[in-house]
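Take a look at the structure below.
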Amino acid sequence: MGSVFLNGEFMPMSEAKISPMDRGFLFGDGIYEVIPSYAGKLVGFEPHMRRLETGLQAIGMPMPMGISAIKTVVERLIVENGAGNLGIYLHVSRGADVKRFHAYPTNVSQTVFAFAFEIPAEPVADKSKSKGFKVVTSEDLRWKRCHIKSTSLLGNVMHFQQSQSAGVNETILYDDNAYLTEASSCNVFIVKDGVIITPPLSEKLLPGITRGMLLDILKNDGSLSFEERAVHMDEVRSADEIWLTSSSKEIAPVIEIDGLPVGDGQIGDIWLKAQGLFSQYKYNE
Ligand code: PDD
């Protein structure tokens, strides 16, 4: 892999060093984004920047640099890393203090780190070329601020690990009333009788950029019905289709939940249409 970006400079990953006193390291005190790009073209850059700004505001931090400066960094990382199928990870932590003290310090400079990593090839609306995902389910045991894209990801990591221990791909999460929240690293949609349904935004889930773009695209296109409403896990289990959405996966069809088939156990027809629309319009969002 080519260069990474750390605090204003580009360098090989092996030369990128931060202080162990960095609050990102000590407290997980930071915000991050993952922005996808294919053959040098970014998907959803503007909404990713809006969410970064909102997340930083929520934890009392300013944007570390202007959006056009961030874009210059991101574009250079893409070029220097081969401009293939790349995710750009961008991380802003509060920075390194001289002591370990919980309160927000005033005189530290933010740490800004970004690197490019390979993501799967650009998804296509073709059942024969798509992987069917398998999931397990679990009560959501994370914190009550899941709308903040915080680098404190231990709750998500532990839930993702449940899926790995079960030999599947993801863990779908539900609240203490058995209502769907999201998955450990994706948002969740279901399809029932031709209607696409996803939980509304709240502090229980991340406002996923892929989720938001998909809803906008569905609204503008108008050929598929969709609803944002609370979804009980009984509905998830009896859904005709389940999808996971995230920047590195776009819309991923789920074919098995807790060892049982989703619908007929095959990738669904509504997924095919939705991924087709997403592929058609994603660079315009
Ligand atoms: N994960 N929910 C959670 C908890 C997530 O971590 C993510 C993204 C999403 C989907 O958001 P978006 O569509 O903006 O990628 C939902 C990223 C990719 C990650 O942590 O690697």
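The values are calculated or read from the model by the stated rules, or taken from the named source; none is laboratory data. Model, not experiment: these values are computed from the prediction. Cβ: placed from backbone, ideal geometry, glycine included. Neighbour counts: every protein chain shown. Areas reflect the complete protein model, heavy atoms only, side chains present, ligands, DNA and RNA absent. Shrake-Rupley method; radii C 1.70, N 1.55, O 1.52, S 1.80 Å.
Which one of these is within 15 Å of the ligand (Cβ to nearest atom), surrounded by fewer than 20 Cβ atoms within 10 Å (Cβ to Cβ) and at pLDDT 95 or above: Phe117, Phe25, Phe133? Step through it out loud before you land on a result.
Numbers: Phe25 fails: within 15 Å of the ligand (Cβ to nearest atom); Phe133 fails: surrounded by fewer than 20 Cβ atoms within 10 Å (Cβ to Cβ).
After ruling out the rest, the residue left standing is Phe117.
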Task: Subset of region 28-39 (residues that are open to solvent by less than 30 Å² (accessible area, probe 1.4 Å) and away from the ligand (no atom under 16 Å from the Cβ)) - done: Asp29
- [ ] Please work out if Lys204 is within 29 Å of Leu42 (Cβ to Cβ), surrounded by fewer than 23 Cβ atoms within 10 Å (Cβ to Cβ) and touching an Asp or Glu at 6+ places or on another chain (Cβ under 8 Å).
- [x] yes
TODO: Specify the residue that is farthest from Lys99 (Cα to Cα); the eligible residues are those in region 8-20 that are open to solvent by 60 Å² or more (accessible area, probe 1.4 Å) and part of a loop (DSSP other than H, G, I, E, B).
DONE: Lys17
Task: Filter result (more than 19 Å from Ala116 (Cα to Cα), touching a residue at least 60 places away in the same chain (Cβ under 8 Å) and open to solvent by less than 20 Å² (accessible area, probe 1.4 Å)) within region 40-74 - done: Gly55
- [ ] Consider Phe160 carefully, then state whether it is of a type in the set (Phe, Trp, Tyr), in contact (Cβ under 8 Å) with a residue 12 or more places away in the chain, open to solvent by 30 Å² or more (accessible area, probe 1.4 Å) and assigned to a helix (DSSP H, G or I).
- [x] yes
Task: Check on Leu52, in a helix (DSSP H, G or I), hydrophobic (A, V, I, L, M, F, W, C) and away from the ligand (no atom under 16 Å from the Cβ) - done: no
